[in-house]
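> This is the structure I have questions about; it appears just below.
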Amino acid sequence: MSTPGAYYIPSKATWPVLATAGLVILLAGFANYLNGSSIGPTMMIVGFVVFILMLTGWFALQASESESGMYSTCVGISYRMGMMWFIFSEVMFFAVFFGTLWYTRNLSVPWLGGEGIGAATKELLWPSFDAVWPTNGPAHLGGKIVDGKPSGEFESMSAWGLPFLNTLILLSSGVTVTWAHHGLLAQHRGQLIKGLIATVALGFLFVICQAIEYHEAYSEMGLTLGSGIYGSTFFMLTGFHGFHVCVGAIILSVVLFRSSIGHFKPENHFAFEAAAWYWHFVDVVWLGLFIFVYIL
Amino acid sequence: MQAAHAHEHGHDDHAHHPSGIMRWVQTTNHKDIGTLYLIFSLTMFFIGGILAFGIRAELFQPGLQFWRPEVFNQLTTMHGLIMVFGAIMPAFVGFANWQIPMMIGAPDMAFARMNNWSFWLLPPAALLLVSSFFVPGGAPAAGWTIYAPLSTQMGPGMDLGIFALHIMGASSIMGSINIVTTILNMRAPGMTLMKMPLFVWTWLITAFLLIAVMPVFAGAVTMLLTDRFFETSFFDAAGGGDPVLYQHIFWFFGHPEVYIMILPTFGVASTIIPVFARKPLFGYSSMVYATASIAFLSFIVWAHHMFTVGMPIAGELYFMYATMLIAIPTGVKVFNWTATMWKGSMTFETPMLFSIAFVVLFTMGGFTGLMMSIAPSDFQYHDTYFIVAHFHYVLVPSSVFILMAAGYFWLPKWTGHMYNEKIGQLHFWMSVISVNILFFPQHFLGLAGMPRRIPDYAVQFADWNMVSSIGGFIFGVSQLLFLYIVIDTIRGGTGEKVSDEVWEDAHKHGLEWTLPSPAPYHTFTTPPDVIPTEHQ
């Protein structure tokens with residue numbers, strides 16, 4: 001079956017054009033919304049709904065094709081390769097934000113404080129700036145609201161409260177998804193489903209904890225997207241990660257649903273593998289965040 | 001299920017395929033999708049060309065003739081974005097779609113539906129980009145590099161531009177994942193990696209570069225967007241950020257990006273030159289290793305675009321020496337193409353003419369690059385017309401010429417019709433002469449100190465600007481010949497029925513020439529016997 005002759009080539013693609021429509025309406029609506037046009041939110045909702053319908057339809061089609069045995073071994077290898085390269089592209093996406101954190105912390109903020117090539121900058125522009133991380137910059141942007149105005153004072157997030165709990169949550173979810181995988185391979189459907197339920201639950205628990213953390217940051221610590229470079233990198237990194245956790249948890253929920261209606265066999269369960277790989281990727285990114293954003 | 005098996009039954013089974021416009025909207029066929037990419041890129045090439053026409057018309061004489069300065073900046077910015085993301089990149093993806101499955105003996109691309117999506121993301125994204133001309137404040141005008149803080153301060157046109165780039169980036173990533181997977185997983189038995197045609201090799205490496213750097217660009221423009229609307233200070237020193245950080249991230253994407261536009265060019269040249277020199281490609285494996293080296297180096301040289309921005313001296317030195325290293329693998333390639341032609345039985349059909357012009361003119365563009373890699377010299381060249389001349393030499397008479405060559409080279413195989421050689425040669429000579437009238441004087445202007453991205457200039461630059469504009473007008477009009485030839489060839493060309501191998505002994509050079517002309521809608525439903533391509 002692994003010869004190219006048996007490679008499954010669908011005769012037509014119905015969903016991509018809808019995917020494009022959804023995405024473009026969503027983004028054009030977002031651009032309108034950002035610039036204060038009243039049609040923006042409506043367009044965003046329409047685009048989002050179309051996109052979700054498309055995702056449902058397209059993945060349902062793939063799932064039914066997979067279950068009816070249309071994908072040869074060779075097709076399966078393609079899907080696995082595709083998923084690995086997709087995760088690689090995601091790694092590069094996060095690398096930008098980690099790189100930004102590294103560059104600002106180790107190079108540009110010290111330069112602003114007068115180190116190395118920054119001596120003249122400090123002297124001429126920001127003579128009183130003390131370059132100590134975490135910083136909201138020489139202009140002391142954002143911070144706690146005092147008398148209706150931002151005070152420029154903020155607290156940085158400690159690693160050993162909720163973030164540490166979240167590390168434990170994500171690490172255990174990595175264990176439960178592997179346990180579920182063993183269940184799938186050993187044809188223990190109960191173990192598969194229980195493992196997935198635990199993983200999805202831990203995933204959403206992580207998101208809830210992060211929401212609490214964000215709420216605390218905004219309401220009590222004066223830590224917002226607007227509190228200078230510390231706030232910018234903190235929320236960009238943890239925010240995109242949190243978004244990926246949500247997506248991963250939704251993917252795992254779909255896998256859970258498919259498991260509960262009898263999909264997947266020990267030799268044919270690409271969707272499960274892809275979801276598990278994605279989940280481990282999200283896990284590893286979190287460990288990077290925990291070390292570089294929270295601890296150091 | 002029915003469709004799945006229909007595919008296995010035979011070559012011309014169109015019965016289950018949508019027809020009319022839906023054939024193109026819903027197509028999963030690599031040849032259809034390749035055609036769509038090429039039509040799209042040719043359209044964008046002419047739209048970008050009209051903008052260039054606007055630029056050269058303004059610069060024809062000193063003084064402000066046609067545009068307000070901010071509109072002029074919109075023209076240069078949009079010309080760059082459209083040509084890079086709309087014309088050159090999609091054109092190579094189009095050739096990849098058509099050729100890679102035929103060259104490696106695969107039935108189609110690995111992900112046929114995603115292939116459709118990769119294409120159909122492009123026209124709406126292009127529409128979004130071009131529509132930015134019509135919003136208040138106009139199109140993005142910060143240069144194609146959209147440097148902060150200019151880009152963080154512009155009007156809503158910038159947001160349309162940012163989202164268009166997001167969508168085009170997503171399209172590129174999906175297209176590249178498709179190409180890498182197709183090449184790694186779907187080669188016919190016997191088609192080992194080191195037997196693959198160089199076009200396939202260069203695309204494998206290009207696709208890797210795209211998957212690696214497109215997300216980086218997405219991250220950069222996302223930070224622009226949050227700086228614009230969500231109070232972040234990534235590129236704002238007041239909040240502890242750094243506008244130079246944008247330049248670092250942009251060029252970490254941007255340098256591999258320029259190689260994304262040149263590596264497939266190398267691949268096509270390495271495919272065409274052996275056919276018309278009637279010799280195997282000289283130094284096949286060194287070509288592969290040179291391509292890989294160039295790709296690796298592209299990740300570690302980015303800050304040579306920023307020598308004047310105020311980096312520590314150690315940074316200047318490192319990026320200067322690292323950049324010079326690129327000349328070595330690139331030199332290997334130029335020598336290999338020359339050695340391939342050496343003592344060959346050469347003939348000079350249009351694709352070969354464009355390829356030879358490419359070797360000569362690309363070498364020139366490469367050498368000016370080497371000049372600029374020397375940091376102290378670059379302090380003089382930076383942001384002058386010398387830079388403009390340099391990158392246009394490596395894009396127009398290199399990438400674009402090779403795209404033209406590829407068109408002439410493969411159109412007969414695709415359509416079964418021969419193009420009109422006389423008009424082809426006329427197109428070549430008009431292009432090669434006018435492109436040099438257009439860009440060569442820009443070297444002089446740059447060395448004399450004329451800055452880029454200005455609508456008006458000091459009178460001492462007047463003469464060469466006029467010459468350059470005249471060259472530009474001739475070059476632009478000459479490309480209508482190409483449009484004519486493409487349409488004419490599709491509609492029957494010279495009327496001469498081309499043979500399967502099209503070019504004399506081409507079957508020795510690749511699997512695609514063993515197929516009938518025109519190439520059937522589905523190819524290699526059963527894996528072909530791989531005839532080992534002769535390598536030296």
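The values are calculated or read from the model by the stated rules, or taken from the named source; none is laboratory data. All figures in this text were calculated on a predicted structure; none of them were measured in a lab. FYI the Cβ positions are ideal-geometry reconstructions off the backbone, even for glycines, and counts take in every protein chain you see. These accessible areas exclude ligands, DNA and RNA; they are computed on the full protein's heavy atoms, side chains included. Shrake-Rupley method; radii C 1.70, N 1.55, O 1.52, S 1.80 Å.
> Would you mind giving the total buried accessible surface between chains B and A, with a 1.4 Å probe and ligands, DNA and RNA left out, rounded to the nearest 100 Å²?
In total, this chain pair buries about 5800 Å².
> In the stretch A:113-167, carbon and sulfur make up what percent of the accessible area (probe 1.4 Å)?
Carbon plus sulfur share of accessible area: 58 percent.
> Hey, another quick one. At a 1.4 Å probe radius, carbon and sulfur cover how many percent of the accessible area of the stretch A:1-71? Provide the component values of the computation, followed by the final result.
Details: 2490 of 3320 Å².
The nonpolar share, carbon plus sulfur, comes to 75 percent.
> In whole percent, and with a 1.4 Å probe on the protein chains, what portion of the accessible area of the stretch B:2-514 is carbon and sulfur?
On the way: 12030 of 16870 Å².
C and S atoms contribute 71 percent here.
> Per the Debye formula with a single identical scatterer at each Cα and no solvent contribution, what log10 I(q)/I(0) holds for the stretch A:1-71 at q = 0.14, 0.22, 0.24, 0.28 Å⁻¹?
Rounded to two decimals, the profile gives -0.56, -0.88, -0.96, -1.11.
> Right, next: Loop-only chymotrypsin sites (Phe, Trp or Tyr not before Pro) in the stretch A:141-230, please: DSSP not H, G, I, E or B, and at most 15 other Cβ atoms within 10 Å.
Numbers: sites: A:Phe154, A:Trp160, A:Phe164, A:Trp179, A:Phe204, A:Phe206, A:Tyr214, A:Tyr218, A:Tyr230; in loops: A:Phe154, A:Trp160.
Within the stretch A:141-230, the qualifying chymotrypsin sites (Phe, Trp or Tyr not before Pro) (loop, at most 15 other Cβ atoms within 10 Å) are A:Trp160.
> Using a 1.4 Å probe on the heavy atoms of the protein chains only, list every residue of the stretch A:212-249 that has 20 Å² or more less accessible area in the complete assembly than in its chain alone.
Buried on complex formation: A:Leu225, A:Gly226, A:Ile229, A:Ser232, A:Met236.
> Between 0 and 90 degrees, rounded to the nearest ten: what's the tilt of helix A:15-34 against the longest Cα principal axis of chain A?
In chain A, helix A:15-34 runs at an angle near 20 degrees to the longest axis.
> Still on this structure, please answer the following. How large is the accessible surface per residue of the protein assembly as shown, computed with a 1.4 Å probe and reported in Å² as a whole number?
The answer is 38 Å² per residue.
> Another question, then. For B:Thr384, which sequence-distant residues (separation of 5 or more, or a different chain) have an amide H within less than 5 Å of its own amide H, given hydrogens modelled in the peptide plane?
So B:Thr384 has HN proximity to B:Arg452.
> Could you give the C-alpha radius of gyration of the stretch B:2-514 expressed as a fraction of 2.2 N^0.38 Å, taking N as the number of residues it contains?
Here the answer is 0.96, to two decimals.
> Residues of the stretch B:114-133 that become at least 20 Å² less accessible with every protein chain present than in their own chain isolated, using 1.4 Å: which are they?
Buried by the other chains: B:Asn116, B:Trp117, B:Trp120, B:Leu121, B:Pro124, B:Leu128.
> Right, here's the next one. Short version: which residues of the stretch A:95-113 lose at least 50 Å² of accessible area, all chains versus chain alone, 1.4 Å probe?
By number: A:Val96, A:Thr100, A:Tyr103.
> To continue, here is another question. Take each complete run of DSSP H in chain B, measure how far its Cα atoms stretch along the helix's own axis, and keep only those covering 30 Å or more with mean Kyte-Doolittle hydropathy at least 1.0; list them. Intermediate results must be reported in sequence, preceding the final value.
Working: long enough: B:30-59 (42 Å, 1.15); B:156-185 (44 Å, 1.13); B:198-229 (45 Å, 1.76); B:243-277 (50 Å, 1.15); B:350-373 (34 Å, 1.60); B:421-447 (39 Å, 0.78); B:462-490 (43 Å, 1.31).
Sorted by number, the helices that extend far enough and score high enough are B:30-59, B:156-185, B:198-229, B:243-277, B:350-373, B:462-490.
> Let me ask something additional. Per DSSP H run of n ≥ 4, the term is -39500 (n - 2.57); total these for the protein assembly as shown, divide by its residue number, and report the mean residue ellipticity at 222 nm rounded to 500 deg cm²/dmol.
-22000 deg cm²/dmol
> Same structure, new question: For the protein assembly as shown, take the convex hull of the Cα atoms, compute a quarter of its surface area, and give me that in nm², please.
Computed as one quarter of the Cα hull surface, the answer is 35.1 nm².
> Give me Rg/Rg_expected for the stretch A:27-119, where Rg uses Cα atoms only and Rg_expected = 2.2 N^0.38 Å with N residues.
Relative to the 2.2 N^0.38 Å estimate, the stretch A:27-119 comes out at 1.83.
> Another question, then. Of B:Leu281, B:Phe307, B:Thr265, which is farthest on the positive side of the dipole of the stretch B:2-514, counting Cα position, with +1 on Lys and Arg Cβ, -1 on Asp and Glu Cβ, and the Cα centre as origin?
B:Leu281
> Find the Cα radius of gyration of chain A, compare it with 2.2 N^0.38 Å by division, and give the number to two decimals.
On the way: Rg = 23.3 Å, N = 296, 2.2 N^0.38 = 19.1 Å.
Output field value: 1.22.
> OK, next. Considering only A:Ala13, A:Ala217, A:Ala63, give the residue with the highest GNM mean-square fluctuation for chain A, with springs between Cα atoms whenever their separation is below 10 Å.
The residue that fluctuates most here is A:Ala13.
> Now a separate question. Enter the accessible area of B:Trp24 (Å², nearest 10), with the probe set to 1.4 Å and all protein chains included.
For B:Trp24, the solvent-accessible surface is approximately 70 Å².
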